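Following: one structure in structure tokens, then a few remarks.
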Amino acid sequence: MIEVSAKLGRGPVFLAGEVLECVITFTNPLSASSTSASSEMLAWASAQIHCQFHASENRVALPPSDGSKHDVQAENETVFVPNRGERGQCILSTPPKILFCDLRLDPGESKSYSYCETLPVDGPPSFRGQSVKYVYKLTIGCQRVNSPIKLLRVPFRVLVLHGLKDYQFPQDEAVAPSNPFLEEEEGLKKDSRLADLATELLMVATSRRSLHLYNISNTRGKVGTFCIFKTVYKIGEDVIGTFNFSEGDIPCLQFSVSLQTEESIQEEFQRRRGQPISFSTHARHQEACLHTAQSSFSLPIPLSSTPGFTTNIVSLKWRLHFEFVTSGESAGTCLVRGSQSEAVTWTGVEQMEVDTFSWDLPIKVLPTNPILASYVSQFSSTNSITI
């Protein structure tokens, strides 16, 4: 029996273009119940990264796959196929790397191997939507002699920040950002600079503030104004906005604000022409605001959510969805006198004519530092199997 464990040192979230590093350990454990321990042999082990795509048959019409590209060796259990048994189709993969050949482990002995691979920058981000899914995995394949291959899959999350692909790092290391007190390998140094560049780009894009004022009105008149200071955010930030109902002609009884994503399939891949867009709500604020002059809301963008992106099949956009309930009467008739005695009590009316309307405000949501997103990731940094 051999235990195989894989550990992602920095966490399970990465930016496209970064270097994924995984330490894979093979151990021949000593069992307390066994009376005679023996050496164990593995013929070989290999590792490969792949992105698996799955689409809902009810929502997405994919073109038929090319049967001429079918590999007959994939049916053989002794051939390393990282996505064997997975749903959907593999749309992206890196070249496989051999970790070792003919490994012998004595009882209690373990050996570790480091796997490093740059994540492709032209792939989609990790996404689990209502219509499509993009899932990234690192698969380690191991085989005993004359035995089927055993697969250890390590799922991880990929964030895509547009603009990093076209950035050219300076060739002169003297002017490149670096730490003179640390000796780093070339790949790790470039990977560190990539993360620093992404953090800087995100900071610049999301720190710009300017006043955006919107008049809220219906067919009968003005309800109030809405104020927001920016429309570009990172996942993990809070969307903050304020309302001013003091200058409105129509009394607002209640409002709600929902932070939503809209998932739309490109027209050529839609199962039915004009099929509706799928909406998902990530946060919501609702408030009764009759006779309220000003109000505000704060909606957190979950770190586990997917920033906006577009592929040839699906598009994901973010928006604020507003719903307002206004009175069909004047503000003065919304309260009635409860009694004619000296002690006057004011109570709300039992029935009231109301009007409702909604409004959508598009916003842009970008990735964040992958280390920060790793703290709330559903994936574990360590995975293991026994073969």
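The values are calculated or read from the model by the stated rules, or taken from the named source; none is laboratory data. Nothing here was measured: the structure is a model prediction, and the numbers come from that model. For neighbour counting, all protein chains shown are included, and Cβ atoms are generated from backbone atoms with ideal geometry for every residue, glycine included. Ligands, DNA and RNA are excluded from the accessible area calculation, which covers all protein heavy atoms including side chains. Shrake-Rupley method; radii C 1.70, N 1.55, O 1.52, S 1.80 Å.
Given R₀ = 41 Å, FRET efficiency for residue 347-residue 280 by Cβ-Cβ distance, to 0.05?
Efficiency for this residue pair is about 0.55.
Work out how much length residue 130 to residue 93 would gain on full extension: take 0.36 nm times their residue separation and subtract the Cα-Cα distance, in nm to one decimal.
10.9 nm
If you plug each phi of segment 133-145 into the Karplus form 6.51 cos²θ - 1.76 cosθ + 1.60 with θ = phi - 60°, what whole-Hz ³J(HN,Hα) values come out, in order, with x for Gly and Pro?
9, 10, 10, 9, 8, 9, 10, 10, x, 10, 8, 7, 5
Between residue 240 and residue 122, how many nm apart are label points set 7 Å from Cα along the C-beta direction?
If labels sit at residue 240 and residue 122, their model points lie 4.2 nm apart.
Would you list 356, 347, 326 from the most to the least accessible area, probe 1.4 Å?
Ranked from most to least accessible, the order is 356, 347, 326.
Counting only heavy atoms of the protein chains, get the accessible area per residue of segment 187-281 (1.4 Å probe) and round it to a whole Å² value.
Normalised by residue count, the accessible surface of segment 187-281 is 52 Å².
Could I have the simple spin-label model distance between residue 204 and residue 356, label points 7 Å from Cα toward Cβ, reported in nm to one decimal?
4.5 nm
Give the span of segment 200-335's Cα atoms along each principal axis, as three whole-Å numbers ordered largest to smallest.
55, 42, 22
Over all alpha-carbon pairs of segment 271-317, lay out the pair-distance distribution in 5 Å bins, whole %, shortest bin first.
4, 12, 18, 17, 14, 12, 11, 7, 4, 2
With each pseudo-label sitting 7 Å past Cα toward Cβ, what's the residue 146-residue 273 distance in nm, one decimal?
Distance between label points: 6.3 nm.
What accessible surface, in Å², does a 1.4 Å probe find on residue 162, ignoring ligands, DNA and RNA and rounding to the nearest 10?
Per-residue accessible area (residue 162): approximately 130 Å².
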